[in-house]
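Novice: Before I ask anything, let me first share the structure, which is written out below as structure tokens.
We did not get these values from a lab; they are worked out from the coordinates using the rules stated. Bear in mind the structure is a predicted one, so any value in this text is a computation, not a measurement. When we count neighbours, we look across all protein chains shown, and the Cβ atoms used for this are built from the backbone with ideal geometry, even at glycine.
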Number of protein chains: 2
Amino acid sequence: MINFQTSPERYQHWKFEISGAVATLSMDVQEDHTLVDGYKLKLNSYDLGVDIELADAIQRLRFEHPEVAAVVITSLKPRIFCAGANIYMLGSSSHAFKVNFCKFTNETRCAIEDDSKHSGRRYIAALNGTASGGGYELAIACDEIYLVDDGNSAVSLPEVPLLGVLPGTGGLTRLVDKRKVRRDRADVFSTLAEGLKGKRAHEWGLIDGYFPTSKFGEGIASRVEQVVAAQSRSGSGIKLNPLEIHSTDDSRNYRYIRLQLNREQRYADLTVVGPDGPQPTTVDEIQELGDAYWPLQAYRELDDALLHLRVNEPEVGLVCLRTEGSIDSVLEVDRVLTANRDHWLVREIILNMARVLRRLDLTAKSFFAIVEPAACFAGNLLELLLASDRSYMLIDPKSSVAISDLNGGALVMSNGLTRLQSRFLSEPERVDQVLNETNPINTEEAEELGLITFAPDDLDWEDEIRVAIEERTSLSPDALTGMEASLRFAGPETLDTKIYGRLTAWQNWIFQRPNAVGPQGALTNYGKPTKAQFDFKRT
Amino acid sequence: MINFQTSPERYQHWKFEISGAVATLSMDVQEDHTLVDGYKLKLNSYDLGVDIELADAIQRLRFEHPEVAAVVITSLKPRIFCAGANIYMLGSSSHAFKVNFCKFTNETRCAIEDDSKHSGRRYIAALNGTASGGGYELAIACDEIYLVDDGNSAVSLPEVPLLGVLPGTGGLTRLVDKRKVRRDRADVFSTLAEGLKGKRAHEWGLIDGYFPTSKFGEGIASRVEQVVAAQSRSGSGIKLNPLEIHSTDDSRNYRYIRLQLNREQRYADLTVVGPDGPQPTTVDEIQELGDAYWPLQAYRELDDALLHLRVNEPEVGLVCLRTEGSIDSVLEVDRVLTANRDHWLVREIILNMARVLRRLDLTAKSFFAIVEPAACFAGNLLELLLASDRSYMLIDPKSSVAISDLNGGALVMSNGLTRLQSRFLSEPERVDQVLNETNPINTEEAEELGLITFAPDDLDWEDEIRVAIEERTSLSPDALTGMEASLRFAGPETLDTKIYGRLTAWQNWIFQRPNAVGPQGALTNYGKPTKAQFDFKRT
């Protein structure tokens, strides 16, 4: 079972140092400390275990170190920054694992960009040696890239020429869409196994600068100094403590999340429990409560549960999302968050909620929201319903859902729209109509407003849910993955939706083709004396 | 060998009728007249042969019938409009053929939308019976959809529930992005094999209206009358004559296109010959010359050559684009086109050039532009260079390229940008700088302006081109297809880029998965007494 929980004192592959307003994340992959057996992590190549540490470090920077203005990502290995995802790990992994691995590494890189965009922290990739494949893709997720000019070190995307697959963490999209490298140059670069060194890499816009070996440290330090001088940050961080998880064979329970696995029927019930007891009303109280504050703890737990479902429960194809608790309590939490959204900690808490909800949007499982009288699909938790592929709400005087200000713009999807905007593309005026509903909304009103899909009555309820679950889990899981990915993100496209929707789909395809993974495929034959032999039919 | 040339008198599956300002395209598929053996086209299901006729009809409407304001697409089969792509044809086709088939049918539906958007012709889908799968996708490419309300007829997308694949011609994307159907309703609809009938289909936005059987003809006629009354169209059409093609084993030559196949090395040389002799300068002269006018004939020929390469030469992975002729003559043609762009015929000629160039953008082969002294990469033909994955221009006093007004906005890509805008995303000011170049541009200037990729001199030229061809054709064709699709369309996304980039990639993946095409897959077992058995791991 893969565990996504870690903390700096347990890191094996990264050194995490804070010095004033500067954090340095140094990659120093221990080649024998792999997540599973069968490969060695040479040359700072990575597997999911390495990336779980990176994701944790970025998350901790945001909550534990608000004072940090600049993050330097570099390596402790001489002449090598990072060689990307480990090829032997990929070669020995199942297709499903490869895809989930790529998705998580993509989310980690998007988390870097989210921190930069919304929290103003500046990420500097200090390439003290060659950055190839996923190594360069990690760099290109940063705001600035500097390469050592030692006559040898280069940036490269050798996936196409060496491995017969695509860069798997958004490299092609970021090349032409983020760095806006000219497409013919991007074509040459992406087919050139050895990549490009300092001067030309800079001319082509692949890096932001280069320094000779003797001036590299000084060059980076001077740039970091400028970045730090341009910002003033304050606040004292809170500690992210380990989540407490109680597991049995068919359940996984947290403080606010209950996951019940019905493996025979290939679905899970995931229940989010709302806040209970008195909640903080001021920033000081929030700061004091720290990671035990409901919107932080519940969403950290939800995040872990989603990752667990993705990687450890591949046959669970459907998740029934349920909530339990007081609508008023959820709305009160949202009111306090909204009132204090300019405070760094509250901002980080809301941004984390948004990231977790995007993780849900991007999870390749069906989601049905089930709304019963004890539920509290209100405000931030209403987003769970809106993120679901469909929803069922019991006709009952005690069934209701409710709106808060957080539904109005704080929790955007990857496409840059709120879930309400995405839902009502054909009737944008509905968004305001719904946002103006200040009272709880009963089932008939919810149906009238277009917030829910089905509203069965008491007589039909159990049968309708049972049949819906049976039908959904009987369908082809591949077709559902493609269908949901197509229907969830209507409207505008962004760098993120391009990366997930377009590149991931291409990569899924290529990762299955005999030319990559067949006995004579490039991925299979990488590092062997044998050479790949392709079927040259173009598709 | 598949032939893309046809004309109404040879149609086997469509009835093409013109009555005043109304065209009626009636589908009446002859089940035994298949493109290859091994399946029957029952229930108005289609194969590529059926769609080649539809594409031809739409193309002829634009050039031969400018007076037509409304196009009714309907069926001559009782109770059935169209059952979509034939499943047995798909089941017996190679992966590469399936993908190319879907691409062509997508281009045909985009051509309907292109006609509606740019030439104002209104397409009305008159569903006299059930429209399922590709049948509904054909309807949803039209401007308006009306369904007969006979207690039985429905619209449906049964691909996911019945076949374990996705709708292959943009159905999912058009559902949520064009018709803006709510995503949870789209989810229900796309998993409901039997689809939805009149009333509910209308409520959910899947159709624009429905009529009882007895009033169906009248209802459609009345709507058509409104459409026709709202437009005034004039002009007399020109005839699109059959292209003359001279083929040998390794060449395919047209009047203005020469295709040389180097199959051993898996590349082709495609040469476009510029206009020769005196060219029309007025609309009357253009009208008189008709389809022999260079920009119409050369681009019709280019279109045919591209389709031929896609379907009949799957192992040719690289096309070297060359031109031959007088830059001044090309620029003069562009000047006349630009000056008369408001005339219906000139507008159609330019729109056709744009469509052919988009067909090139969407072709899954590498394109290298090769610029030598005899070339005429000017104006509209410069787009061939800009559409290429990279370009090589010989340093020679007689080598030059040139700009015309047509590079400024008439020939947009699927992403809604010109090729110059797509090229200079990072330096948008360059677009105007280039457009202001009124004189021919030599190699050094072209390199300086960023128009070309490489500028070898005479000493290196032959070797550099030879090595570039060898290297390109040695790479994994799948990885190249995915890479080029990712790099060619930077910048904004549109309905078209979503359909091609996202949905096609997903479909490529799903069309290969054992859950669809394996011995126990849904596509394999469709129509058999055996039932599909899935590997339920979600990917």
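Novice: Quick one: count up the residues across region A:163-180 that are part of a loop (DSSP other than H, G, I, E, B) and buried (at least 24 other Cβ atoms within 10 Å of the Cβ).
Specialist: Total satisfying the criteria: 7.
Novice: Take the conditions among the hydrophobic types (A, V, I, L, M, F, W, C) and part of a helix (DSSP H, G or I) and apply them to A:Ala268. Does it pass?
Specialist: Numbers: among the hydrophobic types (A, V, I, L, M, F, W, C): yes; part of a helix (DSSP H, G or I): no.
When the stated conditions are applied, A:Ala268 does not pass them.
Novice: Of the conditions (1) surrounded by fewer than 20 Cβ atoms within 10 Å (Cβ to Cβ); (2) within 14 Å of chain B (Cβ to nearest Cβ); (3) not in a helix (DSSP H, G or I), A:Asn439 satisfies every one except a single condition; which number is it?
Specialist: (2)
Novice: Can we say A:Lys498 is among the basic types (Lys, Arg) and surrounded by fewer than 17 Cβ atoms within 10 Å (Cβ to Cβ)? Please lay out each step first, then the result.
Specialist: Numbers: among the basic types (Lys, Arg): yes; surrounded by fewer than 17 Cβ atoms within 10 Å (Cβ to Cβ): no.
For A:Lys498, the condition - among the basic types (Lys, Arg) and surrounded by fewer than 17 Cβ atoms within 10 Å (Cβ to Cβ) - is not met.
Novice: If I filter region B:405-418 down to residues being in a helix (DSSP H, G or I) and without any contact (Cβ under 8 Å) to a residue 60 or more places away in the chain, which single residue comes out as surrounded by the most Cβ atoms within 10 Å (Cβ to Cβ)?
Specialist: Pass one, region B:405-418, residues in a helix (DSSP H, G or I): B:405-408.
Still in the list and also without any contact (Cβ under 8 Å) to a residue 60 or more places away in the chain: B:407-408.
Values: B:Asn407: 23, B:Gly408: 16.
Of everything passing the filter in region B:405-418, B:Asn407 is surrounded by the most Cβ atoms within 10 Å (Cβ to Cβ).
Novice: Would you say B:Lys199 is within 25 Å of the chain's Cα centre (by Cα) and either surrounded by fewer than 18 Cβ atoms within 10 Å (Cβ to Cβ) or among the basic types (Lys, Arg) (or both)? Before the answer, list the steps.
Specialist: Values: within 25 Å of the chain's Cα centre (by Cα): no; either surrounded by fewer than 18 Cβ atoms within 10 Å (Cβ to Cβ) or among the basic types (Lys, Arg) (or both): yes.
Answer is no for this residue.
Novice: For region A:335-377, name all the residues that are surrounded by fewer than 20 Cβ atoms within 10 Å (Cβ to Cβ), over 23 Å from the mean Cα position of the chain (by Cα) and over 17 Å from A:Pro275 (Cβ atoms).
Specialist: Listed by number, the residues that qualify are A:Asp342, A:His343, A:Glu372, A:Pro373.
Novice: Inside region B:442-470, can you point out the residues that are within 13 Å of another protein chain (Cβ to nearest Cβ), part of a helix (DSSP H, G or I) and aliphatic (A, V, I, L, M)?
Specialist: B:Ala446, B:Leu449, B:Val467, B:Ala468, B:Ile469
Novice: Being within 14 Å of another protein chain (Cβ to nearest Cβ), out of contact with any helix residue (DSSP H, G or I) (no Cβ under 6 Å at 6 or more places or on another chain) and either under 30 Å from B:Pro492 (Cα atoms) or not in a loop (DSSP other than H, G, I, E, B) (or both) is the requirement here; does A:Leu386 meet it? Lay out the reasoning, then the answer.
Specialist: Details: within 14 Å of another protein chain (Cβ to nearest Cβ): yes; out of contact with any helix residue (DSSP H, G or I) (no Cβ under 6 Å at 6 or more places or on another chain): no; either under 30 Å from B:Pro492 (Cα atoms) or not in a loop (DSSP other than H, G, I, E, B) (or both): yes.
No: the conditions fail for A:Leu386.
Novice: Here are some conditions: (1) more than 7 Å from chain A (Cβ to nearest Cβ); (2) over 22 Å from A:Asp535 (Cα atoms). B:Thr473 meets all but one. Which one does it not meet?
Specialist: (2)
Novice: Now for a different question. So if I check each of B:Ala305, B:Ala339, B:Ala298, B:Ala268, which one is more than 18 Å from B:Asn407 (Cβ to Cβ) and out of contact with any helix residue (DSSP H, G or I) (no Cβ under 8 Å at 6 or more places or on another chain)?
Specialist: On the way: B:Ala339 fails: more than 18 Å from B:Asn407 (Cβ to Cβ); B:Ala298 fails: more than 18 Å from B:Asn407 (Cβ to Cβ); B:Ala268 fails: out of contact with any helix residue (DSSP H, G or I) (no Cβ under 8 Å at 6 or more places or on another chain).
Every option except B:Ala305 fails the conditions.
Novice: Okay, moving on. Inside region A:16-67, can you point out the residues that are of a type in the set (Phe, Trp, Tyr) and touching a strand residue (DSSP E or B) at 6+ places or on another chain (Cβ under 8 Å)? Steps first, answer last, please.
Specialist: So the first thing to find is which residues in region A:16-67 are of a type in the set (Phe, Trp, Tyr), and the list is A:16, A:39, A:46, A:63.
Within region A:16-67, A:Phe16, A:Tyr46 meet the criteria.
Novice: Among the residues in region A:239-249, are any farther than 18 Å from A:Ser7 by Cα, surrounded by fewer than 20 Cβ atoms within 10 Å (Cβ to Cβ) and touching a residue at least 40 places away in the same chain (Cβ under 8 Å)? If you could, list the steps in order and put the result at the bottom.
Specialist: Our first condition is that a residue be farther than 18 Å from A:Ser7 by Cα; within region A:239-249, this holds for A:246-249.
So of that shortlist, the ones also surrounded by fewer than 20 Cβ atoms within 10 Å (Cβ to Cβ) come out as A:246-249.
Next cut, touching a residue at least 40 places away in the same chain (Cβ under 8 Å) only: none.
Within region A:239-249 (the criterion being farther than 18 Å from A:Ser7 by Cα, surrounded by fewer than 20 Cβ atoms within 10 Å (Cβ to Cβ) and touching a residue at least 40 places away in the same chain (Cβ under 8 Å)), the answer is no, since none of the residues qualifies.
Novice: Give the number of residues within region A:389-421 that are under 18 Å from A:Gly491 (Cα atoms) and within 14 Å of another protein chain (Cβ to nearest Cβ).
Specialist: 10
Novice: A follow-up question, please. If a residue has to be assigned to a helix (DSSP H, G or I), in contact (Cβ under 8 Å) with a residue 60 or more places away in the chain and buried (at least 19 other Cβ atoms within 10 Å of the Cβ) to count, how many in region A:309-334 make the cut? First the steps, then the outcome.
Specialist: Step one: filter region A:309-334 for residues assigned to a helix (DSSP H, G or I), giving A:309-312, A:327-334.
Now narrow it down to the ones that are in contact (Cβ under 8 Å) with a residue 60 or more places away in the chain: A:310-312, A:327, A:330-331, A:334.
Filter once more, keeping what is buried (at least 19 other Cβ atoms within 10 Å of the Cβ): A:310-311, A:327, A:330-331, A:334.
The qualifying residues number 6.
Novice: Please verify whether region A:482-490 includes one or more residues that are surrounded by 18 or more Cβ atoms within 10 Å (Cβ to Cβ), more than 10 Å from every other protein chain (Cβ to nearest Cβ) and farther than 29 Å from B:Asn525 by Cβ. Can you show your working first?
Specialist: Step one: filter region A:482-490 for residues surrounded by 18 or more Cβ atoms within 10 Å (Cβ to Cβ), giving A:482-490.
Retained after the next criterion (residues that are more than 10 Å from every other protein chain (Cβ to nearest Cβ)): none.
Within region A:482-490, none of the residues are surrounded by 18 or more Cβ atoms within 10 Å (Cβ to Cβ), more than 10 Å from every other protein chain (Cβ to nearest Cβ) and farther than 29 Å from B:Asn525 by Cβ.
Novice: Can you list the helices (runs of 4 or more DSSP H) found entirely within region A:44-140 that contain at least 2 residues being surrounded by fewer than 22 Cβ atoms within 10 Å (Cβ to Cβ), in contact with a Pro (Cβ under 9 Å, 6 or more places away or on another chain) and touching a residue at least 24 places away in the same chain (Cβ under 8 Å)? Write out each step before concluding.
Specialist: Values: elements: A:48-64, A:87-92, A:95-119, A:134-140.
Per the criteria, A:48-64, A:95-119.
Novice: Still on this structure, please answer the following. Are there any pairs, at least 6 apart or on different chains, whose C-beta atoms fall under 7 Å, with the first in region B:347-362 and over 16 Å from B:Gln297 (Cα atoms) and the second in a helix (DSSP H, G or I) and small (Gly, Ala, Ser), and if so, which?
Specialist: B:Leu360/B:Ala387; B:Asp361/B:Ala387
Novice: I'm trying to understand the selection: among the residues of region A:141-154, which are touching a residue at least 40 places away in the same chain (Cβ under 8 Å), among the small types (Gly, Ala, Ser) and part of a loop (DSSP other than H, G, I, E, B)? Don't jump to the end; show me each part of the working.
Specialist: To start, the set of residues in region A:141-154 that are touching a residue at least 40 places away in the same chain (Cβ under 8 Å) comprises A:142, A:144-154.
From what is left, the residues that are among the small types (Gly, Ala, Ser) are A:151, A:153-154.
Result: A:Gly151, A:Ser153.
Novice: Within region A:491-539, which residues are in a loop (DSSP other than H, G, I, E, B), closer than 27 Å to A:Thr108 by Cα and facing chain B (nearest Cβ under 10 Å)?
Specialist: Taking region A:491-539 and keeping what is in a loop (DSSP other than H, G, I, E, B), we get A:491-494, A:511-513, A:518-521, A:526-539.
Checking which are closer than 27 Å to A:Thr108 by Cα leaves us with A:491-494, A:511-513, A:526.
Across region A:491-539, the qualifying residues are A:Gly491, A:Pro492, A:Glu493, A:Thr494, A:Phe511, A:Gln512, A:Arg513.
Novice: Of a type outside the set (Gly, Ala, Ser) and within 23 Å of A:Glu159 (Cβ to Cβ): does that describe B:Glu429? Give the steps one after another, and end with the answer.
Specialist: On the way: of a type outside the set (Gly, Ala, Ser): yes; within 23 Å of A:Glu159 (Cβ to Cβ): no.
Answer is no for this residue.
Novice: Name the single residue, out of those in region B:151-181 being more than 10 Å from chain A (Cβ to nearest Cβ) and of a type in the set (Val, Ile, Thr), that is nearest to B:Arg200 (Cα to Cα).
Specialist: Selected residue: B:Val155.
Novice: Among the small types (Gly, Ala, Ser) and touching a Lys or Arg at 6+ places or on another chain (Cβ under 6 Å) - does that describe any residue in region B:164-184?
Specialist: Taking every residue of region B:164-184 in turn, none turns out to be among the small types (Gly, Ala, Ser) and touching a Lys or Arg at 6+ places or on another chain (Cβ under 6 Å).
Novice: Please name all residue pairs, on different chains or six or more residues apart, with Cβ atoms under 6 Å, provided the first residue is in region B:426-454 and is closer than 20 Å to B:Phe367 by Cβ and the second residue is assigned to a helix (DSSP H, G or I) and of a type in the set (Phe, Trp, Tyr).
Specialist: none
Novice: Can you tell me which residues in region A:186-205 are over 18 Å from A:Ile499 (Cα atoms) and within 7 Å of chain B (Cβ to nearest Cβ)?
Specialist: Going residue by residue through region A:186-205, those that are over 18 Å from A:Ile499 (Cα atoms) are A:188-189, A:191-205.
Answer for region A:186-205, where residues must be over 18 Å from A:Ile499 (Cα atoms) and within 7 Å of chain B (Cβ to nearest Cβ): A:Val188, A:Thr191, A:Gly205.
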